[in-house]
1. So how do THR162, THR67 line up by other beta-carbon neighbours within 10 Å, fewest first?
2. What is the sum of charges, Lys and Arg at +1 and Asp and Glu at -1, for the other residues whose Cβ falls under 14 Å from the Cβ of LEU450?
3. Taking Cα pairs under 8 Å and at least six residues apart, what relative contact order does the range 94-145 come out at, in percent?
4. Using the Karplus curve 6.51 cos²θ - 1.76 cosθ + 1.60 with θ = phi - 60°, what ³J(HN,Hα) values do you get for each residue of the range 217-230, in whole Hz, with x for Gly and Pro?
5. Can you give the net charge of the other residues whose Cβ lies under 13 Å from the Cβ of PRO429, counting K and R as +1 and D and E as -1?
6. What's the center-to-center distance, using Cα atoms, between the range 42-61 and the range 209-238 in Å?
7. Mind checking the range 398-466 for trypsin sites (Lys or Arg not before Pro) that DSSP puts in a loop (not H, G, I, E or B) and that have at most 14 other Cβ atoms within 10 Å?
8. Please tell me the relative contact order of the range 399-547 in percent, rounded to the nearest whole number, where contacts are Cα pairs under 8 Å and at least six residues apart.
Amino acid sequence: MIPGQLRARVDRDFRRVVISPRAIVHWQFLFVLTVALPFFATIAVRPDFTESTTLLVGALIIIGATTVAGLFPWRQSNSRWALLLAIVDVPGALLLYIPTPGAGFSMLVVLPVVWVAIAFGGLVATLMVAASIIALWTAWWTQAQVAEVQLIGGIPATAAVTSLIVLSAVAAYQTNRVASARRGLLHRQSDAFSRALERASLQERFTSSVLDSLDLAVFSFDADGGLRTANRSAWLLLRHLGGTRFEAALSDYEIDYGSPIFAPDGPIGRALQGEQVDGETTWVGGAQPIAIEWTSQFLRGDDGSTENVIVLARDVTSQLRAQADRDELVTSVSHEFRTPLTSILGYLELALDEPGVPAVPREMVEVALKNTERLLTLSNDFLAARSPSGRSGMVLTMEPCRPSAIVEDAITAVRPQAIARSIAIVVGPLPDIVLDADPLRIRQVIDNVLTNAVKYNVESGRIFVDAILTDTGHYALSIRDTGRGMSAHDAERVFDRGYRSAAARDSAVGGSGLGLDISRQIIESHAGTMALSSVPGEGTTVSITLPAGAPDGRHA
């Protein structure tokens, strides 16, 4: 693209932007509040930083931009010039970053970039991202000269902030684009219905046929809240909810298992009070709830008073459940990443705790530790990500293996975590036999059980591991901890997908409730059994049995 065309495109994107004046002030004050906490924390820890002219200039720039945002008479016609505030905020944040190595001020650049991506999008946001990245690396170079820090040491952090800027801008732009398209679609539909209802007295039959052909439920209320008309999809929805009389059908059902949807705080009640409801999704029903997306539109008379309230309802249950299935798949995979990553973290931390480690190897281990922590964070982030739908069977790769060796390897992997909490692992007899099983899957199960035994144990607790060969030819493994335990109700449901016990939910230990469900599937696919017993305050015992022979199938 030649410079003239580039300039014309930027000018076009810039001129078509209209921003709410209130949004300008809110964004700038949000930025200031985000800057204030690390700024004053840094000054409190290092009072000598107040002598830095660079730091003070950066603070004054941000304060000045905030003052302009608060005092300037913003209107929609001139709101596009708020871009200058975001442009000024970037050097302001980087001037705070230059004299304060390690304070993290460089990450503040993300906020103005995200705001520009949401408000302006397109080429303007792209140029903002590029300029911010150039400014960031320039500030990094300047920091190395001014603060006398090593250039190499700052490269990973600066590269990480660069990635964060790009990813945040792309995510903000795409999210805003999808949300805008969805809002636009719903508003267009609402406008179409409003125009049709205005001509209802003359074209009642035509309007009714049009409305009945839609898969959206349409309700029309008068100014007093009385139902005037409803289309075919609306009556089908009411029939599904258990009645045909409007108030009776809806008042018995709950929104998000809370207040009735016809109550004042429900979507219909709020719409009848004059509140705009735009794409709000609620779960309605009891044992088999359905998800409804609500939108409201108002028909006003010549004097501006509301004459009709139109409420649109669309069944989005299948879409949300399909989305939940996709999320469940991603959650399961991400959950299984945690155990090996946690083990790696433990060994790296132990290596750093060893006395006499030379500086260069220590630095390398620290880099590996940081990258591993980042991978673990990304794994947790994947729990909220989207994934293509579809389920596949659990494939087993059966081969002769020694369960005692698998158990010993799993204990070795989890031992650093146990040592960190002064937890002793007591290993009893482990029969040295050969089983026909999938060693990787069996290791996955034992890793999960041992990790839980460490996570939910008490400080200086114990874990007992032993196994026997039963008279029926089964390998029976027992893993018992002295942790907090759980109630009988929780013990019965602990293998349910996504379930976490009350003690686990109340603790500071993270988890998604997927590990034991997956583990039991693996054991059952080997024609084995997995059981759990627990006593509150005393601990939990997990019992696993595997047949000495091969299971009939090779797939779960």
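1. Arranged by neighbour count, lowest to highest, THR162, THR67 become THR67, THR162.
2. Taking every Cβ under 14 Å from that of LEU450, the sum is +2.
3. Details: 32 pairs, mean separation 23.8, N = 52.
For the range 94-145, the relative contact order is 46 percent.
4. Values per residue, Gly and Pro as x: 7, 10, 10, 10, 10, 8, 5, 8, x, x, 6, 8, 7, 8 Hz.
5. Summing Lys/Arg as +1 and Asp/Glu as -1 gives -3.
6. 62 Å
7. On the way: sites: ARG421, ARG441, ARG443, LYS455, ARG462; in loops: ARG421.
Loop-located and lightly packed - ARG421.
8. Relative contact order of the range 399-547: 23 percent.
Every read-out reported here was derived from the displayed coordinates using simple, explicitly stated rules and does not represent laboratory data. Everything quoted here is computed from the prediction, not taken from an experiment. All Cβ positions, even for glycine, are placed from backbone atoms using ideal geometry, and neighbour counts span all protein chains on display.
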